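Participant: One structure, as structure tokens, below. Some questions next.
What follows is calculated from the coordinates using simple rules that are stated; it is not laboratory data. The structure displayed is predicted, hence computed values, not measured ones. All Cβ positions, even for glycine, are placed from backbone atoms using ideal geometry, and neighbour counts span all protein chains on display.
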Amino acid sequence: MKGWMGKFRALFLLGSLSLILSGCGVDKVSALKPEGYGAELLYDLMILSIAIMIFVFIVVMAIYTFVLIRYRQKKGQEDYIPKQTEGNKMLEIIWTVIPIILLLVLAVPTVTAVFDLAEESSDEADIRIDVTSAQFWWQFDYAGEEISTSQDLYIPKGERVYLTMKSADVIHSFWVPSIAGKIDTNPGDNENTMYLEATEEGVYWGQCAELCGPSHSLMDFRVVVVSPEEYEQWVSDMQNADPEAEPETQVAQEGKEIFENNCLSCHAIGSQPKGVGPNLTNFGDRTKVAGIMEPTKDNIKQWILNPNEIKPGNTMPANLVDEEEAGKVAEYLMQLKPSEVTPESAQ
Ligand code: CUA
């Protein structure tokens, strides 16, 4: 009976563990499924360190088991005391030198990777993007392109894109697990830099990785990786986006007016100087509303009416407009689609 219980417990533990760990391999959001240069570098380091740990574990357990069996107390030897020894120069040297070698095997590629990942842009032709974090969203300004956008970051596949990062308020951390490592964004003049180099097209999940307030866990963003040709197209479409363009439907036209009277003091459309709130130039192409909700009219309305209920602690004021007006503004925002290149292009 006892043996059966033990086996059941072990099975239960293994089962629950594999269930929990199976969540770690989700596409486009896992450091365990790298699809970018930085993420692959980090993944290889993880595998190397795990391999070393497994090697050490196996050797130690083998010696332990051998000693346990070989030197166990035998029948009739209860009063026998083995020969007592003290100090062994050879052993001391061996178990000092082996860890040093293992640490070197770990340290050399790690330090090399640290320098590799710190590479900065040296060519004017590189794509350079200023990233600004704020509670609880992300702003992306494409240097020299006069493009500003928020929440969805478009980059071309296979090209190194250099990011200069800072924060508008508290410390946040920029992390797209499948493409690269993470880096803090600091308030003030203390800018950090990193680069993204995606090896596959797709829409990747980014997440703030530094506790930054009540909605820290909702500070999601996306990185949209498209082909270099599509990226060129997107850049040109975004540059040509006309913030004054008249919407097609009557409702959206009314929405535009309400938007201009109530929202433009914080938000920007087109590449005007950065607002206090997210740039909404290509809002209609966004994968999510506020980084977390499906982009439906109801969700947008709900967000406009009471943003703090959805993302506590964010600075957008509630009830600037009534419910009907919010619906019209949503209608207007949803038709802001300046480019043919959208997250759907990223396949
Ligand atoms: Cu921003 Cu956590």
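Participant: How big is the Kirkwood radius of the chain, worked out from every pair of different alpha carbons and given in Å to one decimal?
Facilitator: Answer for the chain: a Kirkwood hydrodynamic radius of 24.0 Å.
Participant: Take the Cβ-Cβ distance between K33 and E86 as r, set R0 to 56 Å, and report the resulting FRET efficiency rounded to the nearest 0.05.
Facilitator: For K33 and E86, the calculated efficiency is 0.60.
Participant: Determine the shape class of region 269-334: with a ≥ b ≥ c the square roots of the Cα gyration tensor eigenvalues, call it rounded for a/c under 1.5, and otherwise prolate if a/b is greater than b/c, oblate otherwise.
Facilitator: rounded
Participant: Using only the Cα atoms of region 186-334, build the gyration tensor, take square roots of its eigenvalues as a ≥ b ≥ c, and label the shape rounded, prolate or oblate: rounded if a/c is under 1.5, else prolate if a/b is larger than b/c, else oblate.
Facilitator: Because a/c hits 1.5 or more and a/b fails to exceed b/c, region 186-334 counts as oblate.
Participant: Taking every pair of distinct Cα atoms and averaging 1/r, then inverting, what Kirkwood hydrodynamic radius in Å comes out for region 124-170?
Facilitator: 11.2
Participant: Can you give the % of DSSP beta bridges in the chain that are antiparallel, to the nearest 5?
Facilitator: Counting only bridges with both partners in the chain, antiparallel ones make up about 70 percent.
Participant: Hey, with R₀ at 41 Å, roughly what FRET efficiency would V56 and I292 work out to, going by the Cβ-Cβ distance, to 0.05?
Facilitator: In this case the efficiency is close to 0.45.
Participant: Scattering from the C-alpha atoms of region 218-270 alone, worked out with Debye: what is log10 I(q)/I(0) at q = 0.28 1/Å?
Facilitator: Normalising to I(0) and taking log10 leaves -1.02.
Participant: Rounded to the nearest 0.05, what FRET efficiency do T112 and T193 have when you use their Cβ-Cβ distance and R0 = 22 Å?
Facilitator: 0.75
Participant: Related question: D130 versus N319, label points 7 Å from Cα toward the beta carbon: distance in nm?
Facilitator: If labels sit at D130 and N319, their model points lie 3.7 nm apart.
Participant: For L264 paired with T249, estimate the spin-label separation in nm (one decimal), with each label point 7 Å from Cα along the Cα-to-Cβ line.
Facilitator: 2.3
Participant: Please give, to one decimal in nm, the separation of the simple spin-label points placed at T96 and S227, each 7 Å out from Cα toward the Cβ.
Facilitator: Going by the 7 Å Cα→Cβ label model, 6.2 nm.
Participant: Residue by residue through region 200-217, what is 3J(HN,Hα) from phi via Karplus (6.51 cos²θ - 1.76 cosθ + 1.60, θ = phi - 60°)? Round to whole Hz and write x for glycine and proline.
Facilitator: Here the 3J(HN,Hα) series is 10, 6, x, 9, 9, 8, x, 8, 6, 10, 9, 4, 10, x, x, 10, 3, 6 Hz.
Participant: Separate question: Within the chain, which is the longest segment containing none of the chymotrypsin sites (Phe, Trp or Tyr not before Pro) that sit in a DSSP loop and have at most 16 other Cβ atoms within 10 Å?
Facilitator: 81-347
Participant: Then there is this: Which value in Å does the Kirkwood hydrodynamic radius of region 188-227 take, with 1/r averaged over all unlike C-alpha pairs and then inverted?
Facilitator: One over the average 1/r among Cα pairs gives 12.4 Å for region 188-227.
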